[in-house]
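**Q** Input: one structure, supplied below.
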Amino acid sequence: MKKNSKPMAVEAPTAKDAPEIARLLSWAFGFGKARSDEYIANVGLGALRLLRGEGGRPDACAALLDTAHVFHGKPVPATNIAHVAIAPERRGQGLAVPFVDALCAEAHGKGAAIATLFASTRPVYRKAGFELAGHEIVYEAQTISLPAASRLAFEPVEPDDPRLATAYAAKAGREAGLVHRGPAHWNELRRKPSDALAAYLAEDDAAYLILDMGDEACLDVRDWYAASPEAAQGVLSFLARFRSVYPIVRWHGGPQDDLVAAMPDKGWRLAHQEEWLLRVLDPPAALRQRGYHADDIRLALSIGPADTALEVEIRGGTVEVREATAGYQTVALQTPAFVQVFTGFRSASKLAQYGQVAGDANAIRLCDQLFAGPPPWVAEHF
């Protein structure tokens, strides 16, 4: 939604650029050469974009990962802007915002309605129109505290077993914010050390685990799924079998987490929490494509300083989005507030308390109902 920077020309790299990209990743994220090379291979050279400086040497790079974020069972076409790296000598010179603007323009041109990223420096990306949109949460538990009783049986499978992807898609459909995983996402989940990686699938595909056993101090659950509370109990009980080797287990989970709900009252804690950011590239398309809990609502949204006015009408579960006309109840949202309301990260009522949303009480209640749902999160760091 933000168009305050002149678009910057970016380009796809060639194979000759791979060493320079690896160096940018090393300088920005502390990657060793092996990890940089692995990341480039995992996402694919064709997903990377460069900004060249004098002499043609890359000054910045990033990955554009085509995906979708799922809201109430409906995918909103998206692009993850991943691992933005700027050469140390070019930092602080105003490259980040126009570079990201150019990446967003390309993503929009390919049909993405939203773009998402993790930000090391939030003020910079807020200037580019991004705002907090959801959580990345890592939980930690003592393995001796995990429940041990379960009749759910697991069998070892390959980490690329297609049944795992099918189960993950079911998980994404009932949560908010989870991404449609493409090859790059799965490749990163299955990254090295591959000799310490193991996957397990429960009977009837009720649960799965991808485990990283490379650190004796902590069992890292790279990915997991549980179809029911009983399956969540089974996942924890299976992890309890590792208590003689690993004192701690960690996993990515949601704000309302199924494994935490299956845990005893004590024995777990929040190990890490970070927020991902989102920019709406095409408000009408984004509103039209997401799912809603409400079956019948009619509301007008006035968005941002340009007062982009859109009517959202849901009748019998069918969504229509059009330019606003007179006669609708209207809620006015500042641009950052629209992002947070759109994903469900914060409610219109709460943002009204901060002065970022305006409207009469009934219209704000309707806005709360329109965007109600589970709190948004993602199950990996992209």
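The values are calculated or read from the model by the stated rules, or taken from the named source; none is laboratory data. What you see is a predicted model, and the numbers here were worked out from it, not measured in a lab. Ideal geometry is used to build each Cβ from the backbone, glycine not excepted, and the neighbour counts take in all protein chains shown. To get the accessible areas, we keep the full protein, side chains included, count just its heavy atoms, and leave off ligands, DNA and RNA. Shrake-Rupley method; radii C 1.70, N 1.55, O 1.52, S 1.80 Å.
**Q** Suppose we filter 316, 359 for residues that are exposed (fewer than 14 other Cβ atoms within 10 Å of the Cβ) and either charged (D, E, K, R) or out of contact with any Lys or Arg (no Cβ under 7 Å at 6 or more places or on another chain) (or both); which single one remains?
**A** On inspection, the qualifying residue turns out to be 316.
**Q** Please specify each residue of region 103-141 satisfying the condition of being among the hydrophobic types (A, V, I, L, M, F, W, C) and open to solvent by 10 Å² or more (accessible area, probe 1.4 Å).
**A** Listed by number, the residues that qualify are 105, 118, 119, 124, 132, 138.
**Q** Determine whether residue 339 is open to solvent by less than 70 Å² (accessible area, probe 1.4 Å), among the hydrophobic types (A, V, I, L, M, F, W, C) and part of a strand (DSSP E or B).
**A** no
**Q** Something else about it: What tally of residues in region 367-379 results from selecting those that are surrounded by fewer than 20 Cβ atoms within 10 Å (Cβ to Cβ) and aliphatic (A, V, I, L, M)?
**A** 1
**Q** Can you report the number of residues in region 261-283 which are surrounded by fewer than 19 Cβ atoms within 10 Å (Cβ to Cβ), more than 16 Å from the chain's Cα centre (by Cα) and within 30 Å of residue 78 (Cα to Cα)?
**A** The total comes to 3.
**Q** Suppose the filter is modelled with pLDDT under 95, more than 28 Å from residue 80 (Cα to Cα) and either of a type in the set (A, V, I, L, M, F, W, C) or surrounded by fewer than 19 Cβ atoms within 10 Å (Cβ to Cβ) (or both); does residue 151 pass it?
**A** Yes, satisfied.
**Q** Okay, moving on. Scan (1) modelled with pLDDT under 95; (2) touching a His at 6+ places or on another chain (Cβ under 9 Å) for the single condition residue 93 breaks and write down its number.
**A** For residue 93, the exception is condition (2).
**Q** Quick one: would you say residue 182 is open to solvent by 10 Å² or more (accessible area, probe 1.4 Å) and either more than 22 Å from residue 139 (Cβ to Cβ) or without any contact (Cβ under 8 Å) to a residue 12 or more places away in the chain (or both)?
**A** yes
**Q** Okay, moving on. Being within 18 Å of the chain's Cα centre (by Cα), open to solvent by 20 Å² or more (accessible area, probe 1.4 Å) and among the basic types (Lys, Arg): is that true of residue 74 here?
**A** Yes.
**Q** Okay, next question. Take the residues in region 154-170 that are in a loop (DSSP other than H, G, I, E, B) and in contact with a strand residue (DSSP E or B) (Cβ under 7 Å, 6 or more places away or on another chain); name whichever of them is nearest to residue 222 (Cα to Cα).
**A** 159
**Q** Mind checking which pairs have a first residue in region 148-168 that is in contact (Cβ under 8 Å) with a residue 12 or more places away in the chain and over 18 Å from residue 230 (Cβ atoms) and a second that is basic (Lys, Arg) and not in a strand (DSSP E or B), Cβ under 9 Å, 6 or more apart or different chains?
**A** Once the first residue is in contact (Cβ under 8 Å) with a residue 12 or more places away in the chain and over 18 Å from residue 230 (Cβ atoms) and sits in region 148-168, its partners that are basic (Lys, Arg) and not in a strand (DSSP E or B) give 157/163; 159/190; 160/190; 165/181; 168/181.
**Q** Turning to a different aspect of this structure: Any idea which of (1) touching a residue at least 60 places away in the same chain (Cβ under 8 Å); (2) open to solvent by 30 Å² or more (accessible area, probe 1.4 Å); (3) more than 25 Å from residue 171 (Cβ to Cβ) is the one residue 304 doesn't satisfy?
**A** (2)
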